[in-house]
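The block underneath contains the structure these notes are about, expressed in structure tokens.
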Amino acid sequence: VIRNPLTQDDAELRLSLLSGLVRAVRHNLDQGAPSVALFSMGKVFWRHAGFAEGWRLAGAICPTLPTRGLGRRDHVAEFGDVKGVVQALFHFLAIGEARWTPAADQPVFHPGKTARIELSRGTVGIAGALHPAAADELGIRGPCWLFELDLQQLLEYCPARIVFQDLPRFPAVVRDVAVVVEDAFASDRVIRFVHEWSTTTPWIEDIELFDQYVGSPVPVGKKSLAY
């Protein structure tokens with residue numbers, strides 16, 4: 001608790017950037033914004049044996065993806081969209097593939113739509129949907145997807161220098177592959193398998209999930225994943 005806060009709404013040091021970010025989302029929606037995509041970077045504070053502080057990077061998408069150009073886009077945001085933002089950041093920083101594991105123990109997040117973001121030395125962040133109870137209390141309509149990253153820890157994975165390679169002499173060959181799996185199957189299992197396999201067979205440059213389909217003719221309880 002702060003002894004002399006500037007405002008009553010900010011009477012405590014923040015443990016997370018998400019509280020302020022969600023307030024900004026609600027304010028924009030109340031002003032009539034059809035879609036909101038925001039990010040925030042700053043310090044958070046905590047206390048274990050003593051007081052400590054550290055830098056965090058957080059983002060939010062609610063409830064649809066922002067329109068690009070003159071086109072109209074009413075695509076309701078999904079987990080894959082917020083995951084794509086984080087993966088694009090990792091790619092920009094030349095950080096390797098992250099492992100996404102279910103996380104049902106985060107009070108502010110939806111227990112069935114949240115994942116920890118892990119790299120080789122541990123967890124670097126969290127991503128998922130705002131808990132429905134919190135969304136109702138704040139009057140936020142539609143899904144609100146959030147992520148928060150430990151920026152100081154994340155930057156430790158950045159390479160000291162980035163090396164560029166010559167462009168290939170021949171064009172790439174692109175293939176689409178669809179697999180039918182159980183509903184609970186994690187889509188990044190296929191991506192991890194291909195990355196592990198390509199270390200010994202360097203024919204595959206990249207792989208990404210671009211579509212998920214549920215419905216006829218896919219059997220009930222299964223889904224089709226396209227890479």
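Condition check: over 17 Å from the mean Cα position of the chain (by Cα), closer than 25 Å to residue 140 by Cβ and not in a helix (DSSP H, G or I). Does residue 14 satisfy that?
Working: over 17 Å from the mean Cα position of the chain (by Cα): yes; closer than 25 Å to residue 140 by Cβ: yes; not in a helix (DSSP H, G or I): yes.
So residue 14 fits the description; yes.
With closer than 24 Å to residue 157 by Cβ and either outside any loop (DSSP other than H, G, I, E, B) or modelled with pLDDT of 95 or more (or both) as the only criterion, which of 89, 38, 29 stands out? Break it down stepwise before answering.
Numbers: 38 fails: closer than 24 Å to residue 157 by Cβ; 29 fails: closer than 24 Å to residue 157 by Cβ.
After ruling out the rest, the residue left standing is 89.
I'd like the full set of residues that are touching a residue at least 60 places away in the same chain (Cβ under 8 Å), of a type in the set (D, E, K, R) and either in contact with a Cys (Cβ under 6 Å, 6 or more places away or on another chain) or open to solvent by 60 Å² or more (accessible area, probe 1.4 Å) (or both), limited to region 114-160.
141
For region 1-57, how many residues are of a type outside the set (D, E, K, R), within 30 Å of residue 85 (Cα to Cα) and open to solvent by 50 Å² or more (accessible area, probe 1.4 Å)?
Taking region 1-57 first, the residues of a type outside the set (D, E, K, R) are 1-2, 4-8, 11, 13, 15-22, 24-25, 27-29, 31-42, 44-46, 48-52, 54-55, 57.
With within 30 Å of residue 85 (Cα to Cα) added as a condition, the list becomes 13, 15-22, 24-25, 27-29, 31-42, 44-46, 52, 54-55, 57.
Filter once more, so that each one left must be open to solvent by 50 Å² or more (accessible area, probe 1.4 Å): 13, 15, 19, 27-28, 31-32, 34, 37-39, 41, 45-46, 55.
Residues that pass the stated criteria total 15.
For residue 164, are the conditions met, namely being of a type in the set (Phe, Trp, Tyr) and surrounded by 11 or more Cβ atoms within 10 Å (Cβ to Cβ)? Let's see the steps before the verdict.
Details: of a type in the set (Phe, Trp, Tyr): yes; surrounded by 11 or more Cβ atoms within 10 Å (Cβ to Cβ): no.
No; evaluated as a whole, the condition is false for this residue.
Taking residue 163 and the conditions (1) farther than 30 Å from residue 20 by Cβ; (2) in contact with a Pro (Cβ under 8 Å, 6 or more places away or on another chain), which numbered condition does it fall short on, given that it satisfies the others?
(2)
Which pairs do you get when a residue that is under 12 Å from residue 124 (Cβ atoms) and open to solvent by 40 Å² or more (accessible area, probe 1.4 Å), found in region 86-113, comes within reach of a residue that is modelled with pLDDT of 90 or more and among the charged types (D, E, K, R), reach meaning Cβ atoms under 6 angstrom, with the pair 6+ apart or on two chains?
Listed pairs, sorted by first residue: 99/118.
The values are calculated or read from the model by the stated rules, or taken from the named source; none is laboratory data. None of the values given here were measured: they were computed from a predicted structure. FYI the Cβ positions are ideal-geometry reconstructions off the backbone, even for glycines, and counts take in every protein chain you see. Quick note on the areas: whole protein, heavy atoms, side chains included, nothing else; ligands and nucleic acids left out. Shrake-Rupley method; radii C 1.70, N 1.55, O 1.52, S 1.80 Å.
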